[in-house]
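Read through the structure below, which is laid out as structure tokens, and then see the notes.
The values are calculated or read from the model by the stated rules, or taken from the named source; none is laboratory data. Since we're looking at a predicted model, the values are computed, not measured. Don't worry about glycine lacking a Cβ; one is built from the backbone with ideal geometry, like all the others, and counts go over all protein chains shown. In case anyone asks, the SASA skips ligands and DNA or RNA and just uses the protein heavy atoms, side chains included. Shrake-Rupley method; radii C 1.70, N 1.55, O 1.52, S 1.80 Å.
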Amino acid sequence: MSKLLILGATGLVGAQLLRQALDDPRFERIVAPTRRPLAASPRLLNPIVDFDHLPGDAPWWHADALVCALGTTLAQAGSQEAFRRVDHDYVLEAARNARRAGTCTFVLNSSLGADPSAGSFYLRVKGETERDLGALQFDSLTLVRPSLLDGGPRPDSRPGEAVGLVFARLLRPVLPRRIRAVTTQRVAFAMLQAARAAKPGVQLIESDRLQDVQPL
């Protein structure tokens with residue numbers, strides 16, 4: 001695979017995607033548009049962008065695959081409208097730009113329980129994003145649905161998530177596999193595998209399957 005596009009490279013999963021992709025010589029060129037600069041690397045192109053005004057005609061939208069780890073929380077976003085703008089609108093606009101540019105493979109870091117009819121606003125938006133990505137007719141679309149993410153300290157404060165992780169780690173032996181916390185290394189590795197495989201149609205990778213992923 002010659003060119004990989006990563007969205008959300010400054011987050012927990014996105015940082016893992018970037019790290020693992022840079023360590024993999026099969027990715028000859030990596031493009032990671034971000035709001036703030038990343039550490040320079042010979043194979044990395046890092047456009048600085050405003051996600052509210054993405055450049056729709058930028059040549060770097062064309063890639064062999066796009067892996068997307070964009071996302072926030074309701075608490076960080078400050079409102080349902082702001083949350084939806086990040087987790088749905090930014091993702092869909094980027095996907096449309098990439099699709100128009102000829103990118104045929106899309107891999108999304110979604111969430112366990114994502115469903116357009118979910119009672120939870122968070123899970124409903126995640127489900128709507130999955131549904132609307134499906135309408136763009138990528139040759140290969142993979143939806144990765146992890147449970148609570150375990151990836152060490154975050155750059156931003158998420159006290160509720162931190163408390164949840166403490167209990168998830170303590171109770172891991174007795175929790176069903178489906179709801180056990182999953183490491184960001186496993187999620188990123190599964191996403192990159194899906195990008196390379198580019199299986200035709202829509203693929204689902206649920207959280208219980210992620211427990212068996214063994215990053216190199």
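Annotations for the structure displayed:
- Of the criteria (1) of a type in the set (A, V, I, L, M); (2) open to solvent by 20 Å² or more (accessible area, probe 1.4 Å); (3) assigned to a helix (DSSP H, G or I), which one residue 17 fails: (2)
- Considering residues of the range 184-202 that are under 17 Å from residue 146 (Cα atoms) and not hydrophobic (A, V, I, L, M, F, W, C) only, the residue nearest to the chain's Cα centre (by Cα): 184
- Condition check for residue 212: in a loop (DSSP other than H, G, I, E, B) and at pLDDT 55 or above: yes
- Checking each residue in the range 31-45 for being open to solvent by less than 50 Å² (accessible area, probe 1.4 Å) and either outside any loop (DSSP other than H, G, I, E, B) or free of Cβ contacts under 8 Å to residues at least 24 places away in the same chain (or both) picks out 31, 34, 41, 44.
- Residue in the range 97-110 that is over 20 Å from residue 150 (Cβ atoms), open to solvent by less than 40 Å² (accessible area, probe 1.4 Å) and touching a Gly at 6+ places or on another chain (Cβ under 8 Å) present: yes
- Of the set (1) modelled with pLDDT under 95; (2) among the aliphatic types (A, V, I, L, M); (3) surrounded by 17 or more Cβ atoms within 10 Å (Cβ to Cβ), all apply to residue 141 but (1).
- Elements of type helices (runs of 4 or more DSSP H) in the range 65-150, at least 1 residues being free of Cβ contacts under 8 Å to residues at least 12 places away in the same chain and of a type outside the set (A, V, I, L, M, F, W, C): 80-84, 121-134
- Test result for residue 131, within 18 Å of residue 8 (Cα to Cα) and open to solvent by 60 Å² or more (accessible area, probe 1.4 Å): no
- Filtered residues of the range 184-216 (kept if open to solvent by 40 Å² or more (accessible area, probe 1.4 Å) and polar (S, T, N, Q)): 185, 193, 203, 214
- Check on residue 89, open to solvent by 20 Å² or more (accessible area, probe 1.4 Å) and in contact with a strand residue (DSSP E or B) (Cβ under 8 Å, 6 or more places away or on another chain): no
- Boolean, residue 57 is within 15 Å of residue 96 (Cα to Cα), part of a loop (DSSP other than H, G, I, E, B), charged (D, E, K, R) and open to solvent by 60 Å² or more (accessible area, probe 1.4 Å): yes
- All positions within the range 1-43 that are more than 18 Å from the chain's Cα centre (by Cα), more than 19 Å from residue 104 (Cα to Cα) and not basic (Lys, Arg): 23, 24, 25, 37, 39, 40, 41, 42
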